[in-house]
Amino acid sequence: MTELLPLAILMTSLGVAPAILAMPDDWSRLRTAVNLAAAALKLGLVAWLSLSVAQGAEFGLGLEIAPGLALELKADALSVLFLALSSVLWLLTTLYAVGYLEGGTDRSRFFGFFSLCVAATVGIAMAGNLFTFVVFFELLTLATWPLVVHRGSAEAHRAGRIYLVYTLGGGLALTLGAAWLYALAGAVPFAPRGVLGDLPQTHPVAVTAIFVLLIAGVGVKAALVPLHGWLPVSMVAPAPVSALLHAVAVVKSGAYGIMRIVYDVYGVETMQGLGLAAPLAALAGATILWGSFRALRQDDLKKRLAYSTVSQVSYITLGVALISPLAAVGGLAHLIHQGIMKITLFLAAGNFAEGRGVKTVSGMDGMGRLMPGATLAFTVGALGMIGVPPLAGFISKWYLGAGGLDAGQPAVIALLAGSGLMNAAYFLPILYRAWFRDPPADAVPKRRIGWMLAVPPAVTAGFVLAAGLLANAPFSPLGWTRFIVSLEYL
Amino acid sequence: MVTETSLLVTLPFLAALAAAAAPRAAATLGMAATLANAGFAALLARALLADGARETSLGGWEAPLGITLRADGLAALMIGMTALVGSAVALQAMGRPAPGRPAPAGGFWPLWLATLGAMNALFLSDDLFNLYVTFEILGLSAVGLTALTGSRRALRAAFDYLSAGLAGSLLLLLGVALAYAEAGRVDLAAVPALVETMRGRIALALVLAGLAVKAALFPLHFWMPAAHANAAPPASALLSALVVKTALYVALRLSLEGGAGIAPARAALAVAGSGAMLWGAWNALRAERLKLLVAHSTVAQIGLIALALGVAGNPADSTLWQAAALLMLSHALAKAAMFLAAGRIAEELGHDRISGLNRTELRPGAAEFAFAIAAVSLIGLPPTAGFVGKWVLIEGLIAREAWIWVALVMTGTVLSAAYLSRVVSRCLRGGPHVAPGARRPAWHMGDVAALGLAVGALALGLASALPFALLETTLT
C-alpha cells in the first residue's frame, strides 16, 4: 500500500482539479470544503512520506508510455524538501485565495487550475527521470496561464502572452535538450552524483550544449537574467497567484530543476570536469545583483517584490553552482527560506491592496497603524530577506558566504554584501514609511480583512522566525538540507 | 481474426443499406452499428496483440491473382482510430439541435456508415486497385456528408471536395494502370519491383500525386480549407480527422513496402510536409473565422505527419515511422474534438469570428474547454499523445543528427502554439468584460463528444504503450 504514496499525493490535487473545474461558480461552500480537505489530506500524506524517507524508505512507481520512455514517480530527500514547501504553502495560499476572491467571478476555473498547478508542482518534485520532469514542468506552464490572465483585463492578457512566450520557449529548449540527452544516453533517471557515465568524456561538446539547453529551459521559470522578463510583468495577477508564482510553484520549480540537473543528472564531478559550474555561478551572481538593482527603483509594491524574487531565487542557483557542500546547504535551505519569506511579503502586500487600496511604496505611509498585523508580517519577511539574524534569510546567507570561502571564491562575500545592502535599500524605506510616518488624513478602509486573509501571512511570518531560531532542530529546513547534501557530496 | 476482419468491412455497408431502407430507425441502427464496429475493432486489436498479424486471402486466391486483406497492427490502429472518432461523431449526431437551430437533415446515417465501411476496407486492403476502389466509395460518401445540410455554402464545399477527389482519383487510377502494365500485378508487394524501372517510378509518382491531392498536402491543399470550413461540424470532423488520413496511411504503406528504393519519394514528402507546416500555420495565424483557422491547422498538421513519414527513413532499419502513425492517431482525436467544439461554439454564439469570441455574455464553457485541451494535444505539449509522438520523432532525428528537420519540427510547434493561443486566450476572458451573470448554455451531446475526444487525446499520451505495441505487429 505504502508504495502508492507518491501517486496518492499527486492525486490529491490532480484528482480534485477536474471536479472543481466542473462545479458551478456559486457552489462556493462545497468547493472550499473540497479544496481545503484535499490540501489538508495532502499535507498529512506528505508528512507520512517525509517520515518514511527520513527512515530510509524508497518509493518508486513507473508507467512505460513508449519504447524506452517511462513516466516515473519517486520520492527521495530532495523531493521531500520541495514537497513539504509546496504542500504547506498550498494549504495557506488556498485559504487566503478563498478569502481574497470571495464574491469574484470564475472562481471554479481559478481553483481548478490552482489545484492543477500544485499537482504539476508535486509531479515535478517527485519526477523520477528527466522525461517525467519535462512532462510536469510543461503542465505547470499550462496550468498557470489561466491564473495569470484571471482578471481578464487587457493588461492581464498582455502579461499572460508574455508569460506564455517565455515559458513555452523555455519548455521548447528543455524538451529539445532532454530529447537530445535521451538520444545519447538511452535513459536519464535522477540519481545522486549524476547518471551520465562516460558521456562527458566521449561527447563533451554535445553534453555541454545539452546543459545550456536544459538550464535555459528551467532558467526561464527560475527567472535567471536575461530570461526573467515575464516575472515582473506577471505581478498583474491576483495576490494568491503571485504567491503561487513566487513562492509555492513556478520559480521554485525552476530552481528545483537546476538542482536536479546539476546534482542528479550531471553530478558535481562532471560539472567541474566540463567547467560548467563557474559560468552558472557567474550567471546567478549577475542575476542577484541585477534583480536587486532593478528593485530599487520600482514604486509599485508588487513589482519591487517581483524584482526582489529575481534576485533572491538566484541565491539557490548560486549555492548549487558553487560546488561546495556548505554553499549547497545554504542554497537548498534557501529554497524553503525564500519561499516562506516571499509568500509572507506577497500575502501582506495583497492585504494592503485589499484593505486600503495601497499598491505602491509611496502609499505605504502609516500602514503600521492602519493594519498592524499585516505590516508586522511584512516587516518580518522584509528583514528576513535583508538577512537580519536570527531570521531565515540570515541562515541561508551565512552558509552561502561560508561556502563561497570554502570554494575559494571570496568574491561571493562581496556579492552577498552588495546585494544585502541593496536589499536593505529597497526594503527599509518601506518599513520606515509604514512605521514612522503618519497615515494620510483621507485614509479610508476599502474592505474588511477577514481571518482567511489575516491568518496565512501571520503563520508564514512565524515560519520565517522559526526557521531561523530553530535552524539546528533535526526537521528544520536547514537540518533536512544537511541530510541531502551529505548524499550528494559524500 | 478472420471473423472480425470480414465483419469490419461488411457490417457498416449492410447497416448503411438498412438505415437507408428504414429512415425512422436509422439513428438507432446507425448508433448500434457504430458501436458494434468499435467492438470489432477492439477485438481485432486484442487478437493481434495476442497472436500477431496475418493476411487473409478472399476466396482462397493468393496474391497477386486474388485479393488479400491485411489485418496487421498499423491497419488495426487506423481502424481503431476511425471507430473512436466515429463513435464520438455519431454521439454528436444523436443529440437534439440547440433551440432555434434547424434539425439535421436525414441521410447522415447511411452516408456515415458507408464512409466507415469504405475506410475499414481501405485500411485492410493490400493492393493498389482495391485501394483505388475504396477511395472512390469513400470519396462519394464523404461528398454526401459534406453536402448534407443543403445550404449554399455546404453545396459549394461539397463541389470543391468532389472536384479535388476526382482529380486525385484520376491521378491514382493512371498510376495504378501504369503499375499494372509495368509489373503485371498491383499488390503492394510489387512496389520494390516498380522502383527499378522508369515506367514503374512514373506510376508510383502518379499514385503519390493522387494521394497528395486527397491528403491535401501542400502545395495541393488549395481545395481543403474552404471545403472543411464550410461543411457542417460533424462532416468537417470526419473529413479533417479521418478522411485525409486515409491517403497518408497509403503513403505510409508504400514507404513501408518500398524500402530503400523509395527514398526520393520520402524526401519529397518531407519537403512538401515542411512547406505545409509553415504555409498552414501562416494562414491559421491570419484566419478571421474559427473554423477556417482549424481547417488551416489541418493543412499544417498534415504537413507535420508527412514530414514525419518522409524523414522516418527506411523502415527496415528504423522504427521512426511509428511516431508518424502515433501523430496520425493523436491528430485524428484532437482535430475531431476541435471541429466539434468549434461547431458548438459557433452554434451557441451564432457566429465564429475569432475577434468576437470574447465579446459576448454567453459562455459555452464546455466546448471551449474541449477546444483548449485539443489545442494542447495539437501543439504537442505533455501529457498528450501529440507530445509523445513529437518526442519520439525528435529523439530519433537527433540520434541521426538531422538538425534541419529538428529545427523545422520545433518551428512548427512554435507556430501552432501561436495560432491556437489566439483562440484559447479569448476563451479565458473574465473580469469586467463579462457580466457577473454570464449565461452558460445547457449541455449538448456535441459538448460531450468533443470533450470525450479531447480527453481521449490527452489520456492517449499516458497509454501510448498500447499503440506502440500494436504497431510492432505491422507486416512489412
- Message: Yes or no: the range B:310-324 includes at least one residue that is surrounded by fewer than 17 Cβ atoms within 10 Å (Cβ to Cβ), of a type in the set (A, V, I, L, M) and at pLDDT 95 or above.
- Response: no
- Quick one: which of A:Ser362, A:Ser314 is out of contact with any Phe, Trp or Tyr (no Cβ under 6 Å at 6 or more places or on another chain), at pLDDT 90 or above and not in a helix (DSSP H, G or I)? A:Ser362
- Task: Report yes if some residue within the range B:408-422 is surrounded by fewer than 24 Cβ atoms within 10 Å (Cβ to Cβ), facing another protein chain (nearest Cβ under 9 Å), over 23 Å from B:Leu269 (Cα atoms) and among the hydroxyl-bearing types (Ser, Thr, Tyr); otherwise report no.
- Result: yes
- Task: Hey, could you check the range B:356-371 for residues that are modelled with pLDDT under 85 and not charged (D, E, K, R) and say which is farthest from A:Asp106 (Cα to Cα)?
- Result: B:Gly356
- Item | Extreme residue, surrounded by the fewest Cβ atoms within 10 Å (Cβ to Cβ), among residues of the range A:148-195 that are more than 9 Å from chain B (Cβ to nearest Cβ) and among the hydroxyl-bearing types (Ser, Thr, Tyr) | A:Tyr166
- Message: Can you tell me which condition B:Gln301 does not meet? The list is (1) within 30 Å of B:Gly343 (Cα to Cα); (2) more than 13 Å from the chain's Cα centre (by Cα), and all the others hold.
- Response: (2)
- Within the range A:39-76, of all residues that are over 24 Å from A:Arg482 (Cα atoms) and within 21 Å of the chain's Cα centre (by Cα), the one surrounded by the most Cβ atoms within 10 Å (Cβ to Cβ) is A:Lys42
- Query: Going through the range B:20-31 one residue at a time, which ones are surrounded by fewer than 15 Cβ atoms within 10 Å (Cβ to Cβ) and part of a helix (DSSP H, G or I)?
  - Reply: B:Ala21, B:Pro23, B:Arg24, B:Ala25, B:Thr28
- Query: Hey, does the range B:332-353 have a residue that's farther than 16 Å from B:Met224 by Cα, among the basic types (Lys, Arg) and either surrounded by 24 or more Cβ atoms within 10 Å (Cβ to Cβ) or in contact with a Phe, Trp or Tyr (Cβ under 6 Å, 6 or more places away or on another chain) (or both)?
  - Reply: yes
- Message: Would you confirm, using the coordinates I've provided, whether B:Tyr249 is in contact (Cβ under 8 Å) with a residue 60 or more places away in the chain, closer than 14 Å to B:Asp127 by Cα and hydroxyl-bearing (Ser, Thr, Tyr)?
- Response: yes
- Message: Please go through the range A:65-86 and give me each residue that is out of contact with any Ser or Thr (no Cβ under 9 Å at 6 or more places or on another chain) and either of a type in the set (Phe, Trp, Tyr) or within 14 Å of chain B (Cβ to nearest Cβ) (or both), ordered by number.
- Response: A:Gly68
- Would you pick out the residues in the range A:114-147 that are more than 19 Å from A:Met11 (Cβ to Cβ), among the aliphatic types (A, V, I, L, M) and more than 11 Å from chain B (Cβ to nearest Cβ)? A:Leu130
- Item | Selected residue (criterion: farthest from A:Ala209 (Cα to Cα)) from residues of the range A:266-311 that are of a type in the set (D, E, K, R) and in a helix (DSSP H, G or I) | A:Lys302
- Which number in (1) of a type outside the set (S, T, N, Q); (2) more than 13 Å from chain B (Cβ to nearest Cβ); (3) touching a helix residue (DSSP H, G or I) at 6+ places or on another chain (Cβ under 9 Å) marks the one condition that A:Asp198 misses? (3)
- Yes/no for A:Val412 being out of contact with any Ser or Thr (no Cβ under 9 Å at 6 or more places or on another chain), among the β-branched types (Val, Ile, Thr), under 30 Å from A:Ala321 (Cβ atoms) and crowded, with 23+ Cβ neighbours inside 10 Å: yes
- When you look at A:Leu335, is it in contact (Cβ under 8 Å) with a residue 24 or more places away in the chain and under 18 Å from A:Ala466 (Cβ atoms), yes or no? yes
- Item | Failed item, numbered, when A:Pro456 is tested on (1) within 25 Å of A:Phe394 (Cβ to Cβ); (2) at pLDDT below 90 | (2)
- So, of the residues in the range A:53-64 that are more than 26 Å from A:Leu184 (Cα to Cα) and touching a Leu at 6+ places or on another chain (Cβ under 9 Å), which turns out to be farthest from the other protein chains (Cβ to nearest Cβ)? A:Ala57
- Item | Residue check for B:Met198: touching a residue at least 12 places away in the same chain (Cβ under 8 Å) and either farther than 30 Å from B:Ser151 by Cα or out of contact with any strand residue (DSSP E or B) (no Cβ under 7 Å at 6 or more places or on another chain) (or both) | no
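The values are calculated or read from the model by the stated rules, or taken from the named source; none is laboratory data. These figures come from a predicted structure and were not determined experimentally. Backbone-built Cβ (ideal geometry, glycine too); neighbour counts: all protein chains shown.
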